[in-house]
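One structure is given here, and the rest of the page talks about it.
Laboratory data are not the source of any read-out in this text; all were calculated from the coordinates shown. The structure presented is a predicted model; accordingly, all values stated were derived computationally and were not measured. Because the Cβ atoms are built from the backbone with ideal geometry, glycine has one as well, and the counts that use them run over all protein chains shown.
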Amino acid sequence: MKNFYCFCISLFLTQITFGQVSVSPNPFEIDESITITVNLNSNATDCNGLNNPSKVYAHLGLGTDGNEYGTSVVGNWGQDDGIGEMTNNGNGIWSITLTPNTYFSLTPQQEQVVTKMGMVFRNADGTQELKATGCSNFIFDVGTFQVTLTSPSQDSTTILNQNQDFEITASNIGGNANYVLKANGTIINTQNNIASYSYTDSNIVTNKNYELEVSLNGSTITKRFNVLIDPGNQIAVMPTNYQDGITYLNDSEAVLVLYATAKDFVYVAGSFNNYQPTSAYAMKKDPTRNNKFWITLTGLTPGQIETYQYWVVDKTPLANSPSVVKTADPYSTLVLSPFDDPGIPSNSYPNIPAYPQGQEREVTVLQTGQTPYNWQVTDFEKPKKEDLVIYEVLIRDFDLNRNFQDLINRIDYFKNLNINAIELMPVMEFEGNESWGYNTAFHMALDKFYGTEDKFKEFVDVCHQNGIAVILDVALNHAFGRNPMVRMWMDDPDGDGWGGPSAENPYFNQVATHSYSVGSDFDHSNPRTKDYTKRVVKHWIEEFHIDGFRWDLTKGFTQNCSPNDEGCTNSTQPDRVAVLKEYADYSWSLDDTHYVIFEHLGSAAEERQWADYRLDEGKGIMLWGKMTDPYAVLARGYATDPNGVNNGAGGNLTGVGSESRGFAANRLVGYAESHDEERVLYDVLTHGNTNGQNTQTLENRTKRMSSVGAALFTVPGPKMIWHFGELGMENSIFTCNNGTVNEPGGGNGDCKLDTKPQPQWAQNWPNDVNRNGIYNTWSRLINLKINEPVFEGTYSIETQNSNLKQRISVSDANLPNTSLNSVIVLINFDVTAQSIVPNFTSTGTWYDLMDETGASTINVSNVSAPISVPAGEFRIFGNTNSTLNTTDFSYNETFKLYPNPVNTSFSINTAISNLEIYDITGKLVKAYQGSFIKNSEFNISNLKNGIYIVKAKNNSGSQTTTKLVKI
């Protein structure tokens, strides 16, 4: 089972005899002209084959015995670009002539190691391919000099008892050669001028890494293999405070703990033993702790980066399971990857630790004596659930550098939009570098493509300084094949080191127990999986001060269904309800105000059990509330979907609020867009109504997106936006890397996961008058939602004659009539101007809440008198002016800081609710939230000397600024 994620071609090849493909001459040298011929008249293959193609392409690779495509590959799969195009000789015969070393642009060093050529053939667009029987690729030897390792097998690991002998045999073709055998880098045997080699290494007492170097006429072929010595029983009970993974005892000692049930022994191989562990690095087994293995590492250098792997051994493995697995720590907080690290830019992760040469797959980083991050905000007060406006971000597609620093640099962009929470799509170590992140392999490790741990902590800290919570999207329904807990108990029938869970895997189901399978499916009924999940939760809350989790694909947290039973998956499952409550309880035990959000998108009956959970304690779980299709239909200018673009939806918006689903208030995160749905404005741009107002023009579609915001943010309860909806992003979710759009069913893949273009910055959208109009409108609406108490009240959503005319009423009878306690929102999604009956709650003066000056009013004498609203626009009225329109202190006394200039701390001369300190570049450097009485003291001893701007806000929301000099 192969496990290269996202659009990669599985190129692990098996040597067989081929009737369809021939190479002339054969054998051939690396610098010799050869002709590859394919006979399409002989389709003895289990694969699709090529059916009368107009063109045939050869996708060719050179490599070694272990990876025939590992040195160089020529061909661009699916591209009709002439690279690898073959000549049509007629009668189904195609050929290509080339000289390998020039065709592949090999260096002299590469020429020396190449021993195999891999081949697969395709039509022009890659929708058809030709492989050998069994769907393996075609392989041919390169060079007349070839070596066969008879015993043991290439790249194998043999398990021996102490003092056991080990026999090595090999042979070569091409003439008599010289053989040199090395063990752990030292020559132990030499035999010259022979074609058949045999040697017995006797009385072996230590682990050995062997290299058999065979040389002929200046060429050398190396075969590698290993021996592990069974260390025997090493039983010892470990202290109870040791945790799975790494426990740092002090600056020179660390304990490693691994759960490895059904395994016989485990070695720790690392930089501290040059990846050649002796018996001193055999882990002890604690029979009282579920057979956990553990070891204490001593003599470590404080602050020095070390790396390690576990070599996990099962002497009697299940059929098709490996006896030895080399793997990183399941609880790694930083891993190095030979697959991904070379593609990580230095500006994102400066001085990335070097991957240890000669190893394979991920290794774990261990470092004692680390300097802890200096948090500026240690008592962040999260926004109330009812005030949440969450901004969902995929860092990869947010800005040019695709890293945490990009987010830090845009903090003013977030703050000026007035959002108060940022939700990041998964940032845990995933397979590949450019990904949505749901193919997670290590749930406790930060993916290095986005930056360092300290840089991520700085991002969280800066968000908290600006009153913005940070929420992580976590994919704990599944893990992908690089995950150590998959690999330690896996089926691997082809022996390539990748596979799915075996029958004895304690963490994963072999077959998903729900209908939305992806990766390897966690068994959340298993205590070990629960322990692991809680440890992941604890890590991100305590180490990174994360304010909440959005739990991905919560429908998968049941053991009751099957992959093909969607009815079961979508019905209420008591085990799923119980285990997700258990995880919520654990989160709240660590952080009493932690946000818990489920992406369930299921039945209200099941979701209500979470939404109402522990409500008497002010808790309850929030649920994602998808409303993409209704908002898109209305934005397009239709009352109902006329052509199936939005799944036949109508423009009924009542489902965006908690009460419509029978939830407790403020438990539904309503949204018009998310990472998983088509862009609203793409639907408008491609299928918008043009019979009247042309909804597809830039001016009109951006106005309509402003109205989408009015119909979203004014409804009480938490809301979410997907990045750049506030600038009218209209690139389809199915936009490909090259800018084309491949919608589902097009035959070329849907490009949904592709890296997206970033016109928002390249084309300076924030300064475009139409796109900026959405941003400013949404900013005002969000500000009203968060800061005006009325938007925590009750609401109704009504239509008048048609879904195109929407009326939203928000009120709070507990607020005095002298304050803003009633709001009426009128939205016209039609393509012509419409009159909408406002049904004001009282006569008298009503204020246009979008006017920040407070000057725009209407005098209401008839509460039912219709108000004309232009096509695609909205109006929002309040019974009084908004308090947000007052910008200055109205205190009798002037706000002052003393002393000023200041050395270490200053005080204030009047009561305030918030105080923020900015440097002269406008960067927020300190923030204080709470209730501060007159003469409260603020310590700024850690700030550099210089001039700062202090902004203060009183309990009424009024604010003022003054200068502060730090000396």
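A Förster radius of 30 Å, combined with the Cβ-Cβ distance separating Asn885 from Asn801, puts the computed FRET efficiency at roughly 0.30.
Spread over its residues, the convex hull of the C-alpha atoms of the range 146-229 is 74 Å³ per residue. Averaging Cα coordinates gives a centre for the range 286-310 and one for the range 905-967; these two points are 47 Å apart. For the range 545-617 versus the range 172-204, the spacing of their alpha-carbon centroids is 61 Å.
Calculate the FRET efficiency for Val741 and Thr301 from the Cβ-Cβ distance with a Förster distance of 51 Å, rounded to the nearest 0.05. Efficiency, rounded to the nearest 0.05: 0.40.
When the listed pairs Lys385/Lys457; Lys182/Lys315; Lys923/Lys951; Lys116/Lys223; Lys263/Lys581; Lys934/Lys963 are checked against a 21 Å cut-off, the alpha-carbon distance exceeds it for Lys385/Lys457; Lys182/Lys315; Lys263/Lys581. In this simple spin-label model, placing a label point 7 Å from the Cα along the Cα-to-Cβ direction at both Glu504 and Glu937 gives a separation of 6.5 nm.
Take the Cα of Ala911, go 7 Å toward its beta carbon, and the backbone nitrogen atoms of the range 941-955 under 12 Å from that spot belong to 954-955. Taking amide hydrogens as placed 1.01 Å from N in the peptide plane, the amide H of Val902 sits under 5 Å from those of Val965, Lys966, Ile967, each at least 5 positions away in sequence or on another chain. Taking 0.36 nm per residue of separation and subtracting the Cα-Cα distance, full extension of the segment from Lys953 to Ser196 would add 263.9 nm. Each label point was placed 7 Å from the Cα along the Cα-to-Cβ direction; for Thr654 and Asp454 their separation is 5.6 nm. Could you tell me the calculated FRET efficiency between Asn691 and Ala813, based on Cβ-Cβ distance and R0 = 30 angstrom, to the nearest 0.05? Rounded to the nearest 0.05, the efficiency is 0.10.
Remark: spin-label model distance Ser861-Asp919 equals 6.1 nm, labels positioned 7 Å along the Cα→Cβ axis. Among the listed pairs Lys534/Lys719; Lys384/Lys619; Lys896/Lys944, those with a Cα-Cα distance over 19 Å are Lys534/Lys719; Lys896/Lys944. Calculated from DSSP H runs of 4 or more alone, at -39500 (n - 2.57) each and per residue, what is the 222 nm mean residue ellipticity of the chain, nearest 500? Mean residue ellipticity, 222 nm, calculated: -4500 deg cm²/dmol.
Distance from the C-alpha centroid of the range 435-513 to that of the range 358-404: 14 Å, rounded to the whole angstrom.
Taken about its Cα centre, the chain carries a charge dipole of roughly 1660 debye when the Cβ of each Lys and Arg holds +1 and the Cβ of each Asp and Glu holds -1.
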